[in-house]
């Protein structure tokens, strides 16, 4: 994207440090429709609370929402927009810090801001070179980059993300726990001494494609895949095996409090389809990959 816009990179780190301290960060812009700036606000909502503030409305009363602890991010391509410049004296008197993003580092807004990021484009994609197109796209890209950097600085995790995005499959994966989806009732189980035929019948009866095996103080696991492999390797001799000889004695186990997101990652990384689930009261459950669909 270097041939589309030029970005002075040195102020980026200070702006992240300043944004990290903001409580909250307020976005103000002018010269174009505000939908794309609101998109930036939504992106920045991930690492921290943000607010959109229209400069004209701010000048006519909405400055009342600005506290001395707030940091403002002002966006203007020219850096000379009157409605933005009108609120600069208030910010100075109120003790606010503010960051500006403009296409002109010598502009009034750039010079008066605490930190300035220059995002300059040679021309707009508009056939008349008038409508904000390339410039807004460039600022959105820079805004997203700053938001990602802020997420890293604040050690923003998947759990934090889920708190702000509880809806849809993403929220379900990050907020729901393994215990919510594990089967704990009528789980197929056989003793370690059970014959191959008994194990096979128990797997078929349970309808899960697996059976637990009582192994001393723990649990083993036999899957239908283990059954197929035993028959493939030993042929008829497989029916002379016991459950202890067929089962996995240390099956992959997760806590009931683990998230579905972590369980899905284990399924994919280890290329398995079944997990044992350990509850805090010692109860054992089964989680199949198909349960998460």
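Nothing in this text is a laboratory measurement; each read-out follows from the coordinates by a stated rule. Predicted, not measured: the structure shown is a model, and the values here were computed from it. Note that each Cβ is placed from the backbone with ideal geometry, even for glycine, and that neighbours are counted across all protein chains shown.
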Check your understanding: So for the pair residue 245, residue 122, with labels modelled 7 Å out along Cα→Cβ, what separation do we get in nm?
Key -> 7.6
Review point. If r is the Cβ-Cβ distance from residue 56 to residue 105 and R0 is 35 Å, what FRET efficiency results, to the nearest 0.05?
Key: 0.90
Review point. Roughly speaking, what is the centre-to-centre gap between the stretch 46-106 and the stretch 224-247 when only Cα atoms are used, to the nearest Å?
Key: 71
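Need the full-extension length gain, residue 268 to residue 114, defined as separation in residues times 0.36 nm minus the C-alpha distance. One decimal, nm.
On the way: separation 154, 0.36 × 154 = 55.44 nm, distance 4.71 nm.
The span from residue 268 to residue 114 would gain 50.7 nm if fully extended.
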Revision key, fill the gap. For the stretch 178-292, percent of DSSP beta bridges that are antiparallel (nearest 5) comes out at 70
Review point. Label points 7 Å out from Cα along the Cβ direction at residue 235 and residue 141: separation in nm?
Key: 6.6
Exercise for review: Please give the residues of the stretch 54-91, grouped as numeric ranges, whose backbone N is less than 15 Å from a label point set 7 Å along the Cα-to-Cβ vector of residue 153.
Suggested key: 70-74
Check your understanding: Taking neighbour Cβ counts within 10 Å as the exposure measure, how do 126, 274 sort from fewest upward?
Key -> 126, 274
Practice item. On a C-alpha basis, how far is the centre of the stretch 108-129 from the centre of the stretch 179-221 in Å? Whole number, if you could? Key: 66
